[in-house]
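We did not get these values from a lab; they are worked out from the coordinates using the rules stated. Bear in mind the structure is a predicted one, so any value in this text is a computation, not a measurement. Quick reminder, even Gly has a Cβ in these numbers, built from the backbone with ideal geometry, and neighbours come from all protein chains shown.
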Amino acid sequence: MVSAPSVFGTPGRRSRVARGFRAPVSLVLLAAGLALALENSWFRVLEAGTAAPLVGFSTSSTVSVRPGTETIFLGLYTPRVFGLTVTPECTAALPIAALLALAGVLTLTGRFPLARILFGLLAATSGIFAVNQFRITMIGWAAHTWGAAGYGWAHATVGSLVVLAGVSAAIVAFLAICGGGAFRSTRRALNPSTPAPPADPPDGAPKGR
Amino acid sequence: MTWPAFSAVALVVICFAAAYSGGVMFLGLLEWRRRGLALPTQSDAQYGHPHLDRSDQDPYWVYYLVPCLNEAAVIQPTVRGLTGDRRSTLIVIDDGSDDATGELARAADDGQLVVLRRELPDARKGKGAALNAGLALVRRLVAERGQQPAQVIVCVMDADGRLSDGALARVLPHFDDPRVGGLQLPVRIRNRTSMLLWYQDYCFWALAAVSQVGRARLRTASLGGNGQFSRLSALNGVGAEPWSPSLTEDLDLAITLAVQGWHLETEPSASVNQQGVDSMRRLLKQRVRWYQGHMTAGRRIGEAWRSPHLSNAGALEIAGYLLIPWVVDLPWSILFHIGWYRFVTRAPELFSFVDGWVSGLAGGLVWYALSFLPCLLGTWLCLRRSRGIARWRAFVLGHNFLLMNYIAFVCVWRALFRILLRKDGWAKTVRLDEPEAAEIPAQAADRPASHPTGRHRAAPRR
């Protein structure tokens, strides 16, 4: 079989140790994704806990989260007390669970270096978490500033746009990090200073597949 | 399914679609700029004289393959448009036509045409089989003429296809890079006389052409059935019959070439035009065939994924492209309707902030922008790609999203049922009679060449 001359060479050689780790790491990632999708109340409590100081800072109001719950109360000791609950529909847990599952499948296929997948996963999940924190903070700020109307705007309209854009960007970032080596190779191939490979040898009769 | 689970699945599907489609479109726009081209490039192109401006120095021999089955309505202008260059040979593969396709082709010939007549029971086995028969003849002619396969370029054209003026001068230099195995030209719909035909033009010219440039950046541009160029040595590497019996033999060939490490390119400063289908029934039939071929090609993801010749980005792009019908179109056909149901039933909650006409109007506009953002981007792209198009038409085409959705839903499910029922019959697209104006004026061959890129035209970039 004749194949195209390539400047890429073979993909990077993975160490045997890394290859041996792939199956268990993949299983852990898939199991973590499934577990997070099925049971995420602890994650929502975490999100509420980390968002509360941000909401307090942005609204300059007193904020409280009762331990073990996913509801942030803001504007305490004022007539404008407001409660924000991180519901299963508002949490970043489900997109992160999907990303964990994707990372598990990619790990199992062996195409990308394990370190890149894990780094990409860390970056993308951090990004999704941060985007949702921003969204919760924005909803809290809008609700505190404009009341129920502000909540409606920030929650259903602007918030949805923020999450769609954020999760899409996180997926692109994850895949770009996983395939990052290839992006570099492609750029090198486009560089005119790259020595050209030998011309394809003329071949005679066609060969079977 | 609970609402949170529905929301999560819908979010993942939307974000996957946005990540893939948005990614290749963004990459396409960047690459377009990197190549120094304007988006309206070729929007005023003339068609029918592809050999204009071709350098005497280029070392390539071009063989056109035109598979035909009852193409009497369109074959003569096509033959006239592809002959007239001493380094080109046109092979019309008459695949058992009942009409006078072969005779009409010969009548339009100026000495560089070979009509390869296939008779039943060998004929009418599909486009791939016809192309393979044509390629066997190319190989024989190449051997007889002592030409080098690496310097032989095979161009597949539909019987109604016309290459833009000067196309070869733009296409052939790509093959100076010995790694380039194939190239696909952007497609324009010629008979844009109804919204349905404009819709097809919008899909090819505004959407596919830009995303193809993005995919070419990763060396994985897809090949189509019209304006498809490939290097003979690359086809030889695929085997005796490079075009498979698949319903989308062009996509199959693109995957095979990419898996073997050949670069697949596109060239925005040249194009090919063709007839669109003029009825919704025919359009659905054509798209079901494309969907079925696309979905069947999904089984080749593993092959692309394992290829050591493909870059990681290329493997990801091919996998993403092949997964679209399975992970976006099929689930979205259900989620889309649940989403509408949720939107309507939750409208009082979603629009709870509305307390007057000002906030109502503002809320409606924000929701419109949110829901129809891709349509607005499509409108912009349509305006930029098609010079002179009426703004209202671009707006309507951009907002064809709903129509596109439903065409995709019908076709993807029908294709799935056909796959499950193992039905793979191939119905050829019927051609339309064209008015004389669509014919290629003979005297045009003598006129001064216009610059095919449009870069030096007087009209400013829009």
- Query: Which whole-number percentage describes the relative contact order of the stretch A:18-190, with Cα contacts under 8 Å and a sequence gap of 6 or more?
  - Reply: 24 percent
- Mind checking the alpha-carbon convex hull of the stretch B:245-323 and giving the volume per residue in Å³? 115 Å³
- Query: If you take the Cα atoms of the stretch B:179-267, find Rg, then find the Kirkwood Rh from the mean of 1/r over all pairs, what is Rg/Rh?
  - Reply: 1.03
- Sparse-neighbourhood loop sites, chymotrypsin sites (Phe, Trp or Tyr not before Pro) in the stretch A:48-85 - DSSP loop, at most 13 other Cβ within 10 angstrom: A:TYR77
- Message: Nearest 500 deg cm²/dmol is fine: what mean residue ellipticity at 222 nm does the protein assembly as shown get from its DSSP H runs of n ≥ 4 alone, each adding -39,500 (n - 2.57), divided by its residue count?
- Response: -16000 deg cm²/dmol
- Leaving out same-chain residues fewer than 8 places away, which aspartates and glutamates sit with a Cα under 14 Å from that of B:LYS125? B:ASP94, B:ASP95, B:GLU241, B:GLU249, B:ASP424
- Task: Quote the FRET efficiency, to the nearest 0.05, computed for A:SER41 versus B:LYS423 with a Förster distance R0 of 56 Å and r equal to the Cβ-Cβ distance.
- Result: 0.70
- Message: Output the 0 to 90 degree angle, nearest 10, between the alpha-carbon long axis of helix B:330-345 and the longest principal axis computed from the alpha carbons of chain B.
- Response: 30 degrees
- Query: Per residue of B:368-374, how many C-beta atoms from partner chains lie within 10 Å of its own C-beta, taken as a mean?
  - Reply: 2
- Query: Quick one: what does P(r) look like for chain B with 10 Å bins over all Cα pairs, in whole %?
  - Reply: 4, 19, 31, 26, 12, 5, 2, 0, 0
- Where only C-alpha atoms are counted, convex hull volume of the protein assembly as shown per residue in Å³: 180 Å³
- Note on the structure: Using alpha carbon centers only, the stretch B:1-70 is separated from the stretch B:270-290 by a whole-angstrom value of 17 Å
- In what sequence, highest mean first, do B:280-288, B:181-189, B:83-91 appear when ranked by Cβ atoms within 10 angstrom? B:181-189, B:83-91, B:280-288
- Query: For peptide B:302-313, how many partner chain Cβ atoms fall within 10 Å of a residue's Cβ, on average?
  - Reply: 6
- Within a 10 angstrom radius of each residue's Cβ in B:226-238, how many Cβ atoms of other chains show up on average? Whole number is fine. 3
- Note on the structure: Stretched fully, the stretch from B:MET195 through B:GLU103 gains (0.36 nm per residue minus C-alpha distance, one decimal, in nm) 29.6 nm
